[in-house]
Amino acid sequence: MKRSAPTKGGTMAEPAAMAIPTEPIGSIPRPPDLIERIKQTDSADPNEEPDLAALYEEAIRDTIERFEATGSPVVTDGEQRKYHGFATYCVHGLPNTAPDGFAIPFADGHTRRLPRLTRGPFRYRRYAGSYLDVAIRYAHVPVKQAVISPSALSLMYPAKGIPDYSREHFIEDLLREHEADIRSSVNGGAHKVQVDFTEGRLAVKIDPSGHLLSSFIDLNNLALSRFSPDLRRRIGVHTCPGNDFRSTHSADVDYAELLPSLFELKAGNFYVALAGEPDRRRVLEIIRKYRKPDQRVFVGVIAPGDPRVETAEEVRDRVFEAAEYIPVGHLGTTDDCGFAPFFDNTSTTRETAFAKIQARVRGTALAGEALGGRS
Ligand SMILES: [Zn+2]
């Protein structure tokens, strides 16, 4: 952890400012012209269409420039190139899929679907690390990369099975591909790799017995076990109740059903949606009870689905609140979710997203100054 150097003579005239880490989740709304162009194409690969590739490049350049202007110490490419969204970027365009896969119902009545696997073998079409080259070319600060969890993609395998391609075989292929996705991101220069596990809370809703959630935890731990303890300190897990068109898929599920299992995951960092919770202290109480000593928790201090821009002081006070439950040395801040996990979500403008990010960055710095010296 970084602390300011003590003053001369070893005395501390004032509490040293503590830099509390702050990171985005990932997505930023795409520019309207890019969204329109993606809607017009069936292409699985933008590189096959030069005008689309040019729009992607310009969107990433602009995203990183505006991200850095907020003072954010860590940025992303805004997931501009993740095709239709955060969950399917790696399988978009696979010939052995059909569009009628697992449906995720949102509270406002709309649904999002995963593709259904129609035959084996299961292979990713692209790895997340392939997005980093453009982002790093434009960035002056560390770039983070998000990847989709194996548990989310496990829902692509149909319940009735696939002839000559068993579920066990699929899981083996899935774990290998997920591992390659994370390694491609690390090797591509990612500062942190975040595994998007937004289906954790949803799992409790689908199966209140808890069996589905525990199978998800087991599967994701099989994946995390493939990495060294050193590398796992750079890997994080994101949980949220979903965020699409200002709606959620599992906000009605009690966090208490998820969080104890979540901290069983063998990851060093957790990005936990909190700003949108009706009773934050109750959630923080659960985190205090179940967080492992070496796990850092980035608490959500910004609600992406709320059109109002938070103030830096509000963010600062949310950090103070969280610091009552999580040691400052293991605390960080984040947004509750990405600002547009699915490509065509225009419910938040880019301007609002960056204004909210700036509030997070400033508020976290204010809290760090005030909390200096505590750990
Ligand atoms: Zn999320």
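The values are calculated or read from the model by the stated rules, or taken from the named source; none is laboratory data. Predicted, not measured: the structure shown is a model, and the values here were computed from it. Every residue, glycine among them, receives a Cβ derived from its backbone with ideal geometry; neighbour counts consider all protein chains shown. Each accessible area value is taken on the protein alone, full model and side chains, heavy atoms only, with ligands, DNA and RNA left out. Shrake-Rupley method; radii C 1.70, N 1.55, O 1.52, S 1.80 Å.
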Computed E for residue 233/residue 118 - FRET, C-beta separation, R0 41 angstrom, nearest 0.05: 0.60
query: Which value results when the Cα radius of gyration for the stretch 305-344 is divided by 2.2 N^0.38 Å?
result: 1.45
field: Placed amide H near residue 195: partners under 5 Å, 5+ positions off or other chain
entry: 147, 236, 237, 238
task: Quantify, in whole percent, the carbon and sulfur part of the accessible surface of the chain (1.4 Å probe; protein heavy atoms only).
output: 53
- prompt: Separation of the stretch 209-224 and the stretch 331-373 by C-alpha centroid, Å?
  reply: 29
- prompt: Given a 1.4 Å probe, how much area per residue of the stretch 74-202 is accessible, in Å²?
  reply: 38
field: Ranking by accessible area, most exposed first, for 137, 226 with a 1.4 Å probe
entry: 137, 226
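Could you tell me the relative contact order of the chain? Use alpha-carbon pairs under 8 Å, at least six residues apart, and round to a whole percent. Walk me through the numbers before you get to the answer.
Values: 742 pairs, mean separation 81.6, N = 375.
Computed over the chain, the figure is 22 percent.
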- request: Determine Rg/Rh for the stretch 164-232; Rg is computed over alpha-carbon atoms and Rh is the Kirkwood hydrodynamic estimate from the same atoms.
  value: 1.02
- prompt: Do you know the Lys pair count in the chain for C-alpha distances under 29 Å, with sequence separation 8 or more or different chains?
  reply: 29
message: Can you list residues from other chains, or at least 5 along the same chain, whose modelled amide H is less than 5 Å from the amide H of residue 97?
response: 118
field: In Hz, Karplus ³J(HN,Hα) per residue of the stretch 234-248 (6.51, -1.76, 1.60; θ = phi - 60°; x = Gly, Pro)
entry: 9, 9, x, 10, 9, 10, 6, x, x, 8, 8, 6, 6, 10, 10
statement: CD proxy, 222 nm, the chain: helix-only mean residue ellipticity via -39,500 (n - 2.57) per DSSP H run with n ≥ 4, per residue, nearest 500, stands at -11000 deg cm²/dmol
message: Through the Karplus equation 6.51 cos²θ - 1.76 cosθ + 1.60, θ set to phi - 60°, convert the phi angles of the stretch 144-157 into ³J(HN,Hα) values in whole Hz; use x for Gly and Pro.
response: 9, 10, 9, 10, 7, 6, x, 5, 4, 6, 4, 6, 6, 7
message: If I take R0 = 30 Å and measure r between the Cβ atoms of residue 36 and residue 308 in this structure, what FRET efficiency does the formula 1/(1 + (r/R0)^6) give, to the nearest 0.05?
response: 0.60
field: From phi via Karplus (6.51, -1.76, 1.60), per-residue ³J(HN,Hα) for the stretch 77-87 in Hz, x at Gly/Pro
entry: 7, x, 6, 4, 9, 7, 6, 7, x, 5, 9
- request: With N denoting the number of residues in the chain, provide Rg(C-alpha) divided by 2.2 N^0.38 Å, to two decimal places.
  value: 0.97
- prompt: When ranked by the protection proxy of mean other Cβ atoms within 10 Å per residue, highest first, what sequence do the peptides 90-98, 187-195, 213-221, 305-313 form?
  reply: 187-195, 213-221, 90-98, 305-313
- prompt: For the stretch 157-284, what relative contact order do you get, as a whole percent, if you take Cα pairs closer than 8 Å and at least 6 residues apart?
  reply: 26
